[in-house]
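The values are calculated or read from the model by the stated rules, or taken from the named source; none is laboratory data. These figures come from a predicted structure and were not determined experimentally. Cβ atoms come from the backbone with ideal geometry, glycine included; neighbour counts cover every protein chain shown. These accessible areas exclude ligands, DNA and RNA; they are computed on the full protein's heavy atoms, side chains included. Shrake-Rupley method; radii C 1.70, N 1.55, O 1.52, S 1.80 Å.
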Amino acid sequence: MLRALYPGSFDPITNGHLDVLARAARLFEEVIVAVAHNDSKQALFTTQERVKLLEESTSHLKNVKVTSFEGLLVDFARSQGAKAVIRGLRAVSDFEFEFQMALMNRSLEPNLEALFLMPCEEYSYISSRMVKEVARLGGTVSRFVPQCVEAALHKRFGARTQDTERPQT
Ligand code: PNS
């Protein structure tokens, strides 16, 4: 089976990620979306929460599986029999980091190809970081993320606002 791996932080998944994933799902027999579990990076959502949001957002893509991984990407790709790693490229600014990462991964595992896909232009400015900031500051994010993610962001920041506004006793 021609299988690809789409790794990332997905904190949370955006419509840009979904667009890239749908493109990859048309090219490969199976695409594994894998949330990187990284203790050193402070995430808004836990790995389990991110997996769940991905599962909900990708339920219409029948050849997509969602999971998480720890450790080196190349080791996980090998364990899954993936032939390629998918990454989205929104703009030239993404390129330097992606190029470095792709070459590092290639030196660790020469048989794993990096494949870069561009999301639809209307998603080229969306990032998880900005979506979180807009949601945290009370803006509308419905155009940028799937509905379940919007609800999760509202729940998270709504709860946080109420917490900080609770009078001190
Ligand atoms: O969505 P992100 O944060 O840009 O994803 C980056 C990710 C998770 C793909 C990258 O950090 C990664 O591959 N982490 C796993 C650890 C690893 O293999 N590091 C060496 C490759 S540079």
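Helices in the chain, meaning DSSP H runs of at least 4 residues, each add -39500 (n - 2.57). Divided by all residues, the mean residue ellipticity at 222 nm is -14500 deg cm²/dmol. Residue by residue, the stretch 45-61 carries 3J(HN,Hα) couplings of 9, 5, 4, 4, 5, 5, 4, 5, 5, 5, 4, 5, 6, 10, 4, 7, 9 Hz when phi is fed to the Karplus relation 6.51 cos²θ - 1.76 cosθ + 1.60 (θ = phi - 60°); x denotes Gly or Pro. Give me the net charge for the shell around Leu72: Cβ to Cβ below 15 angstrom, other residues only, Lys and Arg +1, Asp and Glu -1. Local net charge: -2.
Note that the stretch 37-42 has calculated 3J(HN,Hα) couplings of 8, 10, 5, 7, 9, 7 Hz, one per residue in order, obtained from phi through the Karplus relation 6.51 cos²θ - 1.76 cosθ + 1.60 (θ = phi - 60°); glycine and proline are x. Under 5 Å between amide hydrogens, built in the peptide plane, is the criterion, and for Leu117 it picks out Arg87, Gly88, Leu89 among residues at least 5 positions away or on other chains. Based on the Stokes-Einstein relation at 4 °C and a viscosity of 1.567 mPa s, and on the Kirkwood radius from alpha carbon pairs, the stretch 3-124 is assigned a translational diffusion coefficient of 89 µm²/s.
Across the chain, Cα pairs under 8 Å and at least six residues apart give a relative contact order of 28 percent. For Ser68, the residues whose modelled amide H falls within less than 5 Å of its own, excluding neighbours fewer than 5 places apart on the same chain, are Val35.
On average, how much accessible surface per residue is there in the stretch 3-124, in Å², for a 1.4 Å probe, leaving out ligands, DNA and RNA? Kindly include the intermediate steps, with their values, before the conclusion.
Details: 6710 Å² over 122 residues.
Accessible surface, normalised per residue, equals 55 Å².
Relative to one another, the C-alpha centroids of the stretch 120-140 and the stretch 8-41 are positioned 17 Å apart. Counting only protein heavy atoms, what percent of the accessible surface of the chain is carbon or sulfur at a 1.4 Å probe? For the chain, the apolar C and S fraction of the accessible surface comes to 53 percent.
Each of Asp39, Asp11, Asp75 has its accessible area taken with a 1.4 Å probe; listed largest first, they run Asp39, Asp75, Asp11.
In the chain the longest region clear of GluC sites (Glu not before Pro) that are loop-assigned by DSSP and have at most 14 other C-beta atoms within 10 Å covers 71-169. Note that the stretch 63-76 has calculated 3J(HN,Hα) couplings of 9, 10, 10, 10, 7, 9, 8, 10, x, 6, 4, 5, 5, 5 Hz, one per residue in order, obtained from phi through the Karplus relation 6.51 cos²θ - 1.76 cosθ + 1.60 (θ = phi - 60°); glycine and proline are x.
Here each label is just a point 7 Å from Cα along the line to Cβ, and for Gln147 and Cys120 those points are 1.7 nm apart.
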